[in-house]
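Taking it in order: structure first as structure tokens, then the write-up.
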Amino acid sequence: MYKTLIVDDRDIFLIELERLKVWGEISGFEVAGKASNGSQAIDLLKNNEYDLVLTDIRMPIIDGLQLLREIKKDNLCSCVVIISEYSEFNYARQGIVLGAFDYLVKPAAEESLLQVLQRAGNFLKETQNQKLTSGYVSENNDWIYPAAEEKNIFNYIKNRDFSAVQLFGSTAENLYLALSDNIIKADIIIKKLYHNLIKAVYEEFKWLGNFIGINYFEEVDFLHDGDTDTFKEFYMRKLNYLIRFIVKFQPDTQDDNIRHICEYILNNPEDDLKLKVIAEKFFINNTYLSNSFPAKTGIHFNDYVTMVKMTRAEYLFKSTNLKTYEIGFQIGYRDLNYFMKQFKKIYGLSPSEFRNTDYTDYQI
């Protein structure tokens, strides 16, 4: 039985939700906890295991959107459904972009809640089986997942083709038109499309995880008013950034040796990557590698390695509490001053200055 935490600042709604005849064997979900605001919910989530959170949006202390951010940030629950009144339409849409699985209109009808619980149950089963979700289609076919478009967009990204961004934009636009009577459902499908693309790209280019945490592409780094174009442009900007990152770090070359060397460096950014070491590893003459690398990639070998190592350092500065000398040592620099000099050369800031600066995007 999946455990559910319901969150609302009004007791009457908590009671009504719990009384609906959807809990138990009929859905596979049970009410395992209740909270009257986001702060109480976070405390419960940190001390108990829940499979699903049903939360109101408008609450004191910590509202539903803030609660959703905290849940996603700390991975407190894999499935969150938001509940909103019709007047809170834009807040509900923001919740979808922040990572809510679905939404319900308040007061929740028994049939609507049961349908959401059934979809959530399917999602949780697939998550437990470690399968990629590819969107959900309801029994009456009013959820239309663009599987063909997803495949085409992914292939464009795989081939470093920025046409992927425009195709994503047109696909999103078509979904909004097709579901103009239920924009939030369109939001959910588009969010799923984007999410699936990011996961597929990280599977294809496994080295990406050495430089950008996948959560970066799920983080909403702006405040918006729920405008359709704003949602679409957010996803398009992130996809454009992702392709530019891939293009910069994995040059498109027909030379198999150079391609394999780049892949090795990207997969092992903390190793000893001196030209001599790499040449010996790949059974290539030093001089040949030194001359052919810039000819095939447009960047000198040592500059490429420095770029890769500094980007790895950037990731470590953002994702760990390691000290500057520890990061320098970890990525292969025994001379701390030289490491700091190289870092400042690329970022224009010393490591300590960089760490105290609120950078959202990674350097490209």
query: If packing is taken as the mean number of other Cβ atoms within 10 Å per residue, what is the order of 239-245, 346-352, highest first?
result: 239-245, 346-352
- prompt: If you bin the C-alpha pair distances of the stretch 289-346 every 5 Å from 0, what whole percents do you get?
  reply: 4, 19, 27, 20, 13, 10, 6, 1
- prompt: Quick one: Karplus J couplings for the stretch 93-110, per residue in order, coefficients 6.51, -1.76, 1.60, θ = phi - 60°, nearest Hz, x for Gly and Pro?
  reply: 5, 4, x, 5, 5, 6, x, 5, 6, 7, 9, 10, 8, 8, x, 5, 7, 4
field: the stretch 150-287 - Rg and Dmax from Cα coordinates, angstrom
entry: 18.6, 65
message: Give me Rg/Rg_expected for the chain, where Rg uses Cα atoms only and Rg_expected = 2.2 N^0.38 Å with N residues.
response: 1.15
field: Accessible area of the chain belonging to carbon and sulfur atoms, whole % at 1.4 Å probe
entry: 46 percent
task: With a 1.4 Å probe and every protein chain left in place, work out the accessible area per residue of the chain in Å², rounded to a whole number.
output: 50 Å²
message: Taking the Cα centroid of the stretch 282-326 and of the stretch 143-186, what is the distance between the two, rounded to the nearest whole Å?
response: 35 Å
Rh (Kirkwood; distinct C-alpha pairs) - the stretch 1-125, Å: 14.0 Å
statement: If amide H atoms are modeled at 1.01 Å from N in the peptide plane, then the residues at a separation of 5 or more from Tyr2, or on another chain, having amide H under 5 Å from its own are Phe29, Glu30
task: Enumerate the calculated ³J(HN,Hα) couplings along the stretch 294-300 in order (Karplus 6.51 cos²θ - 1.76 cosθ + 1.60, θ = phi - 60°), each rounded to whole Hz, writing x wherever the residue is Gly or Pro.
output: x, 5, 8, 10, x, 9, 5
- request: Please list the non-local residues whose amide H lies under 5 Å from the amide H of Arg58, H modeled 1.01 Å from N, same-chain partners needing a gap of 5 or more.
  value: Gly64
field: Backbone HN-Hα couplings from phi across the stretch 7-12 [Karplus 6.51/-1.76/1.60, Hz, Gly and Pro as x]
entry: 10, 7, 7, 10, 4, 4
message: With n ≥ 4 as the cut-off for DSSP H runs, can you work out [θ] at 222 nm for the chain, using -39500 (n - 2.57) per run divided by the number of residues, rounded to the nearest 500?
response: -18000 deg cm²/dmol
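The values are calculated or read from the model by the stated rules, or taken from the named source; none is laboratory data. These numbers were taken from a predicted model, which means no experiment stands behind them. Using ideal geometry, Cβ is built from the backbone for each residue, glycine included, and neighbour counts are taken over all protein chains shown. Protein only, heavy atoms only, side chains kept; ligands, DNA and RNA dropped before computing areas. Shrake-Rupley method; radii C 1.70, N 1.55, O 1.52, S 1.80 Å.
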